[in-house]
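One structure below.
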Amino acid sequence: MPDLIIDRRTVGGAFSVDENARRLRHYAYVEHQMMRCEGGWPATVADIKVKLGLHTHAYQDALHVDALCRRLPELRVRGGSGPYPNRTVFAADPPNEAFVKFIEALQDQEDTLLRIAGLYRVLKPHVIANYRYHMAATDQISDAPTVRLLRFTLLDEEEQFWWGQGTFEELASDPARRREALEWQTDLEYLLAAAGGVVGNAQEPPSRYT
C-alpha cells in the first residue's frame, strides 16, 4: 500500500532550548502588557464598540499568557507556585529596559485614537511578525508544541489587528487627527526600534530618546 502521509518537517531549527524559552518569556510579557491595555482602557473610552472590542481582546490575550506560561516548564523554566508548580510558571520578562519604556509610553496614552494607533498599528503587527518568524525558524519536530501554540495565538492576534485597522479608519477620518495619530505612531516605532523589539535585539538608542 502506498504511503498516504508525508511529513515534510525536518529536524533542526534556529533556536536552542534556552533561546526558545527566552523568547517565549518575552512573548508572555508583551501579551500580558497588551492585556493590561485592553482591560484598563475601556473605563475611559466612550465608544461602546471600542469598549467591547478591547474587552474581547483582553480575554484572548489572557489566554495567550496562560498558554505561554504552561509551555515554559516544558522548556526547563521553573519557578511556578500553587497546586501544580511544575505545570505552569509566570515568567513574563521584558527583553530590556528600553522595551519597558516603549510599553509605558504606549500604556500612558489617554487619547483613544492614539491608543488604537499604538497598540494595533505598532505593537500588534510587530508581535505578529515575530510569532510568524518563530514558527518558521524553530525546530518543527521537537518544538512542535510551540509551533502549535503560536499558530493558535496568531488566529486571535491577526483578527485583532484587522479590528484595530478598521477602528483606526473610523476614528481617523479627520485629516488633522489622522496626521496626529501617524506622528504618534512614528514616535512609538522609534522607541520600539531602539529597544530591539520584543526579542531585545537592541542597538545603541538614538540620542533623541536618551
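Every read-out reported here was derived from the displayed coordinates using simple, explicitly stated rules and does not represent laboratory data. In this text, all values refer to a predicted model and were calculated from it rather than measured experimentally. With ideal geometry, Cβ positions are generated from the backbone for all residues, glycine too; neighbour counts draw on all protein chains shown.
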_Would you confirm, using the coordinates I've provided, whether Arg115 is over 30 Å from Gly12 (Cα atoms) and not aliphatic (A, V, I, L, M)?_
yes
*Pairs, please: C-beta under 7 Å, at least 6 apart or cross-chain, first residue in contact (Cβ under 8 Å) with a residue 40 or more places away in the chain and in the stretch 124-138, second among the hydrophobic types (A, V, I, L, M, F, W, C) and not in a helix (DSSP H, G or I)?*
His126/Val198; Val127/Val198; Asn130/Val198; Asn130/Val199; Ala137/Ala14; Ala137/Phe15; Thr138/Ala14; Thr138/Phe15
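Does Cys69 count as in a helix (DSSP H, G or I) and farther than 30 Å from Glu169 by Cα? Show your work before the answer.
Numbers: in a helix (DSSP H, G or I): yes; farther than 30 Å from Glu169 by Cα: yes.
Judged against the criteria, Cys69 is a match.
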*Check the stretch 86-97 and report whether any residue there is surrounded by 21 or more Cβ atoms within 10 Å (Cβ to Cβ) and in a helix (DSSP H, G or I).*
no
*Find the residue count for the stretch 151-197, including only residues that are of a type in the set (A, V, I, L, M, F, W, C), free of Cβ contacts under 8 Å to residues at least 60 places away in the same chain and closer than 23 Å to Arg23 by Cα.*
4
*Could you grab the pairs with beta carbons closer than 9 Å, sequence gap of 6+ or different chains, first residue in the stretch 91-103 and of a type in the set (Phe, Trp, Tyr), second one in a loop (DSSP other than H, G, I, E, B)?*
Phe99/Gly196; Phe99/Gly197; Phe99/Val198; Phe99/Gly200; Phe99/Ala202
*Has the stretch 104-125 got at least one residue that is of a type outside the set (Phe, Trp, Tyr), touching a Lys or Arg at 6+ places or on another chain (Cβ under 8 Å) and farther than 25 Å from Gly164 by Cβ?*
no
